[in-house]
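The values are calculated or read from the model by the stated rules, or taken from the named source; none is laboratory data. Here the structure is a predicted model, which is why all the values come from computation and not from measurement. Positions of Cβ are backbone-derived with ideal geometry, glycine not excepted, and every protein chain shown enters the neighbour counts.
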Amino acid sequence: MARLVVQGGIPLHGRLEANGAKNAALPIMAAALLAKGPVTLRRVPNISDVWTLTGILKSMGCLVEYDGEGLMKLDTSTLTTTKAPDHLVRKMNASFDIMGPLLAAYGEGEVSLPGGCNLGSRPVDLHLAGFRKLGAEVTSQRGFVRANANKLRGAHILFPKVSVGATKNCLMAATVAEGETVLENCAREPEIVDLANFLVAMGAKIDGLGRQTMRVTGVEKLHGCDYSVVADRIEVGTYLVAGAITQGDVVIENCVPGHLESLLELLQEMGQDLEIGHDHIRIRGRSPIKPISVSTEPYPGFPTDLHPQLVALATLAKGTTTVTENIFNGRFMYAMELVRLGGDVRVSHRDVIIRGVKQLDGAPVDAPDIRAGGALVCAALAAHGESTISGVNFIDRGYQEIEKRLAVLGAKIVRADFED
Ligand code: EPZ
């Protein structure tokens, strides 16, 4: 199995261009099932989740051509089945994004309960409740969700809790439902706005993009379009932390600083030197790193997907930091791996308490999920000596060619095969 081998202690220097966002590209690929015509996507990141969803759509009969450099062409009019291959669906949570489009465009869908990062329970009850409100019959038995409807009807859906996934699925389904749909207590993540922009580019009628309440007026059908995916704020945030933790000087270009306000404020509070431009962010790591206290919240709050990376930075702070995780009850697997690198990290219920140490020391660690992998790479880059990171399959799900991109910034990091 491959592992990343990192020689830490080198300050990163240089410039990187942000990739397109994993969490926008995936629902947008799923939404292409609604298009009665060809779709061209640009800035699609070359990550394994994109290849997994490509495999799902192809196995259902769709034409998907991806050049691995950002350009993807889809024609879903050749779909031959509304049953998704469960061995692929179980590889990632976002696979379930195809259910809403299948139901809306074809009146039926059969998708297994999704797999993906083990962050604790990943239910889809809010998705299913929304489909039922739109008039679908939905069953969830023996690990499979089956839904069907002759024609979806507009409805008033109030999400009892903010859910990115349920907001995406109900939004997509509502675009071609009969009449008006009101979605209340929506997730407001930039990736949701990007999905909505894509749907509008296909002819959907949506008001309230990025707001807690969205109104959708159903249309007869959606046409194809040519669309470029928004920058990946989580990838950008991860590389900013890498620049800070190595006390380097890193510029990330072609990104949307406004999508990272919560992180940028925290990094400034931690004493890091930030220059924020219209579409670039420069970070110069500064000592001492100051401790902070923060809770993860739905957007625009501090994102759960940057929680592990921030904790990695806090391991070298001068003082004690607290991070409270309010989104996923299983987000803490990374903590013990940071302890292997010399961090003083304890978890108590939803709180992570990090007492700053003078230095981290290289060690063998294992990434249990995507963002934990991002955090361990950041910590290994700062640690003295050599670290090896296994679980690279998780890292590759969410970060494109991470070792190549960090090597551009001067990191000593290679991918090597190890006998397991
Ligand atoms: C999306 O997951 C992202 N994944 C996650 O990123 C991200 O951490 C999460 O949103 C929160 O921002 C993609 O976009 C592919 P939720 P999702 O529905 O849609 C509960 C990454 O590393 N819930 O907002 O699964 C759920 O258990 C990944 O890129 C229900 O109870 O997140 C959780 O506690 C990790 N019932 C909370 O809501 C439901 O029907 C938030 O989940 C759905 C969710």
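Considering only the range 158-195, state which residues are farther than 22 Å from residue 219 by Cα and either modelled with pLDDT under 95 or of a type outside the set (D, E, K, R) (or both).
Listed by number, the residues that qualify are 159, 160, 162, 163, 164, 165, 185, 187, 190.
Look through the range 150-172, keep the residues that are assigned to a loop (DSSP other than H, G, I, E, B) and away from the ligand (no atom under 16 Å from the Cβ), and return whichever of them is farthest from residue 299 (Cα to Cα).
Per the criteria, the residue is 150.
Take the residues in the range 87-130 that are within 11 Å of the ligand (Cβ to nearest atom) and under 19 Å from residue 58 (Cα atoms); name whichever of them is modelled with the lowest pLDDT.
Among those that are within 11 Å of the ligand (Cβ to nearest atom) and under 19 Å from residue 58 (Cα atoms), it is 114.
Does residue 147 fit the bill of being in a helix (DSSP H, G or I), within 16 Å of the ligand (Cβ to nearest atom) and not hydroxyl-bearing (Ser, Thr, Tyr)?
Criteria not met by residue 147.
Yes or no: residue 133 more than 12 Å from the ligand (Cβ to nearest atom) and within 19 Å of residue 187 (Cα to Cα)? Give the steps one after another, and end with the answer.
On the way: more than 12 Å from the ligand (Cβ to nearest atom): yes; within 19 Å of residue 187 (Cα to Cα): yes.
Yes; evaluated as a whole, the condition is true for this residue.
Here's the yes/no breakdown for (1) touching a helix residue (DSSP H, G or I) at 6+ places or on another chain (Cβ under 7 Å); (2) charged (D, E, K, R); (3) part of a strand (DSSP E or B); (4) under 14 Å from residue 5 (Cα atoms):
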position	(1), (2), (3), (4)
342	no, no, no, no
347	yes, no, yes, no
353	no, no, yes, no
358	no, yes, no, no
373	yes, no, no, yes
381	yes, no, no, yes
387	yes, no, yes, yes
403	no, yes, no, yes
407	no, no, no, yes
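Filter the range 395-414 down to residues that are in contact with an Asp or Glu (Cβ under 8 Å, 6 or more places away or on another chain) and β-branched (Val, Ile, Thr) and give me whichever is farthest from residue 365 (Cα to Cα).
Once the filter is applied, the top-ranked residue is 402.
If the requirement is being within 27 Å of residue 254 (Cα to Cα), in a helix (DSSP H, G or I) and in contact with a Leu (Cβ under 7 Å, 6 or more places away or on another chain), which of these qualifies: 236, 200?
Values: 200 fails: in contact with a Leu (Cβ under 7 Å, 6 or more places away or on another chain).
That would be 236, the only listed residue that is within 27 Å of residue 254 (Cα to Cα), in a helix (DSSP H, G or I) and in contact with a Leu (Cβ under 7 Å, 6 or more places away or on another chain).
Go through the range 30-53 and give me each residue that's closer than 18 Å to residue 399 by Cβ and in a helix (DSSP H, G or I).
Scanning the range 30-53 gives 48, 49, 50, 51, 52, 53.
Could you please let me know if residue 372 is buried (at least 19 other Cβ atoms within 10 Å of the Cβ) and closer than 16 Å to residue 241 by Cα?
Spelling it out, residue 372 is indeed buried (at least 19 other Cβ atoms within 10 Å of the Cβ) and closer than 16 Å to residue 241 by Cα.
Looking at this structure, is residue 344 within 11 Å of the ligand (Cβ to nearest atom) and of a type in the set (Asp, Glu)?
no
Would you point out the residue of the range 11-29, among those that are touching a strand residue (DSSP E or B) at 6+ places or on another chain (Cβ under 6 Å) and part of a loop (DSSP other than H, G, I, E, B), that is farthest from residue 200 (Cα to Cα)?
Filtering first and then ranking leaves 12.
Restricting to the range 19-49, and then to whatever is of a type in the set (Val, Ile, Thr) and crowded, with 24+ Cβ neighbours inside 10 Å, can you tell me which residue is farthest from the ligand (Cβ to nearest atom)?
Filtering first and then ranking leaves 39.
Would you check if there is a residue in the range 131-150 being within 20 Å of residue 83 (Cα to Cα) and acidic (Asp, Glu)?
Yes, there is a match, as at least one residue in the range 131-150 is within 20 Å of residue 83 (Cα to Cα) and acidic (Asp, Glu).
Filter the range 292-324 down to the residues that are in a helix (DSSP H, G or I) and either more than 12 Å from the ligand (Cβ to nearest atom) or modelled with pLDDT under 95 (or both) and list them by number.
If the condition is that a residue be in a helix (DSSP H, G or I) and either more than 12 Å from the ligand (Cβ to nearest atom) or modelled with pLDDT under 95 (or both), then 310, 311, 312, 313, 314 are the ones that fit.
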